[in-house]
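Q: There's a structure below that I have some questions on.
The values are calculated or read from the model by the stated rules, or taken from the named source; none is laboratory data. The shown structure was predicted, so the numbers you read here are calculated from the model rather than taken from an experiment. Here the Cβ positions follow ideal geometry from the backbone for every residue, glycine too, while neighbour counts run over all protein chains shown. The protein model used for the area step is the full one, side chains on, heavy atoms only, and it has no ligands, DNA or RNA in it. Shrake-Rupley method; radii C 1.70, N 1.55, O 1.52, S 1.80 Å.
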Amino acid sequence: MEIKKSEFVISAPRVSMCPKDTKPEYAFIGRSNVGKSSLINMLCNHKGLAKTSSTPGKTLLINHFIINNEWYLVDLPGYGYAKRSKSVQEKLDLMIRSYILQREQLVNVFVLVDIRHEAMKMDREFIDWLGISGIPFAIIFTKADKVAITKASLYAEKWMETLKDTWETLPPYFISSSEKKTGRKEVLDYIEDINKTL
Ligand SMILES: Nc1nc2c(ncn2[C@@H]2O[C@H](COP(=O)(O)OP(=O)(O)O)[C@@H](O)[C@H]2O)c(=O)[nH]1
Ligand SMILES: [Mg+2]
């Protein structure tokens, strides 16, 4: 799929303030600093579209970007950033979960996981919660350029294996690097395939 146009639409503090539009949405979630905003920019070939930062914990809002005037990418705040106060993080978690449960046009959540990290409790809890809530999702392993090219799929497979204790069928997954533009076509094709079914 070609991305011809990508534009920032709105940063909303809660789901009721998201665009009044029924076009399909694809949201990106994961721990702070995992590379959500960088991935959105890489997919869109649009540096600076989503704000990236080397300081974690900057995104506090639900950010909508419209693609080709047809569908949305949504950049969400990270979960589990230890340096935030507990009450701020609890508010963010509530905002994220309300958005995911209430937004009917949300067709898929991408859960981002740093390819270098072993399975983390927080990611796992979030993934299990998506499953219980019946939300379709896929996993994207980020920052693949930080590991040897020969190791990337091995790490990803090992991580996916850990889901097998509770998951009968494993979700789809992708390996990406925003630096090297790895995984761009695969993720965009996946989105395109879903869009075609709607
Ligand atoms: N090497 C490398 N660094 C990345 C990649 N993606 C993001 N980063 C860096 O990781 C940091 C956090 O990225 P950002 O997209 O803001 O993460 P977010 O908090 O999940 O939105 C920034 O310093 C990025 O430059 C990647 O694919 N490769
Ligand atoms: Mg971000």
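Q: Principal axis lengths of region 51-152 from Cα atoms, whole Å, largest first?
A: Largest first, region 51-152 extends 40, 37, 31 Å along its Cα principal axes.
Q: Next question, about the same structure. With +1 assigned to the C-beta of every Lys and Arg and -1 to the C-beta of every Asp and Glu, and no other charges, what is the dipole magnitude of the chain about the Cα centre in debye, to the nearest 20?
A: For this selection, approximately 800 debye.
Q: Please sort by residue number the GluC sites (Glu not before Pro) in region 1-105 whose DSSP state is loop and whose Cβ has at most 16 other Cβ atoms within 10 Å.
A: Glu2, Glu70, Glu104
Q: Would you tally the net charge around Ser98, using a Cβ to Cβ cut-off of less than 15 Å, leaving Ser98 out, and scoring K and R as +1, D and E as -1?
A: It works out to a net charge of 0.
Q: Carbon-plus-sulfur fraction of the accessible area of the chain, 1.4 Å probe, in percent? Before the final figure, lay out the partial values.
A: Working: 5580 of 10480 Å².
Result for the chain: 53 percent of the exposed heavy-atom area is carbon or sulfur.
Q: Then there's this: Under a Cβ-only charge scheme (Lys and Arg +1, Asp and Glu -1), can you give me the dipole magnitude of region 5-118 about the Cα centre, in debye to the nearest 20?
A: The calculated dipole for region 5-118 is roughly 400 debye.
Q: Follow-up. Straight-line reach only, C-alpha to C-alpha below 14 angstrom: list the aspartates and glutamates that Lys83 could link to, leaving out same-chain residues fewer than 8 apart.
A: Lys83 reaches no qualifying aspartates and glutamates.
Q: With every protein chain present, what is the per residue accessible area of the chain (1.4 Å probe, Å²)?
A: 53 Å²
Q: Further question: Can you give the helix-only mean residue ellipticity at 222 nm for the chain, where every DSSP H stretch with n ≥ 4 adds -39500 (n - 2.57) and the sum goes over all residues, rounded to the nearest 500 deg cm²/dmol?
A: -10000 deg cm²/dmol
Q: Out of Ser11, Ser176, Ser87, any idea which swings most in a Gaussian network model of the chain, alpha carbons joined below 10 Å?
A: Checking each option, the largest mean-square fluctuation is seen for Ser87.
Q: Normalised radius of gyration for region 131-198, please: alpha carbon Rg relative to 2.2 N^0.38 Å, two decimal places.
A: 1.23
Q: Something else about it: Which of Thr22, Thr166, Thr59 moves most in a GNM of the chain, Cα contacts under 10 Å?
A: The residue with the greatest mean-square fluctuation here is Thr166.
Q: Kindly provide log₁₀ I(q)/I(0) values, in the same order as q = 0.08, 0.17, 0.19 Å⁻¹, from the Debye equation applied to equal alpha-carbon scatterers of the chain.
A: -0.24, -1.21, -1.57
Q: Can you tell me the Rg and Dmax of region 1-48, counting just the alpha carbons, in angstroms?
A: Taking only Cα atoms of region 1-48, I get Rg and Dmax of 12.3, 31 Å.
Q: Volume per residue, Å³, of the convex hull around the alpha-carbon atoms of region 1-97?
A: 90 Å³
Q: Return the single residue from Gly80, Gly30, Gly134 with maximal mean-square fluctuation; model: Gaussian network over the chain, springs between Cα atoms under 10 Å.
A: Taking springs between Cα atoms under 10 Å, the residue moving most is Gly134.
Q: Sticking with this one: From the cross-link list Lys4/Lys185; Lys121/Lys185; Lys4/Lys180, which pairs have alpha carbons spaced over 18 Å apart?
A: Too far apart for the 18 Å limit: Lys121/Lys185; Lys4/Lys180.
Q: Under the classification rounded if a/c is under 1.5, otherwise prolate if a/b is larger than b/c and oblate if not, where does region 82-129 fall, given a ≥ b ≥ c as square roots of the Cα gyration tensor eigenvalues?
A: oblate
Q: Below 8 Å, C-alpha to C-alpha, sequence gap of six or more: please give me the relative contact order for the chain in percent.
A: Once divided by the residue count of the chain, the mean separation gives 23 percent.
Q: Now for a different question. To the nearest 10 square angstrom, what accessible area does Val88 show with a 1.4 Å probe?
A: Rounded to the nearest 10, that gives 60 Å².
Q: Enter the accessible area of Val15 (Å², nearest 10), with the probe set to 1.4 Å and all protein chains included.
A: So the heavy atoms of Val15 present about 30 Å² to solvent.
Q: Further question: Quick one: how many Å² of Phe126 are accessible to a 1.4 Å probe, rounded to 10?
A: About 10 Å², rounded to the nearest 10.
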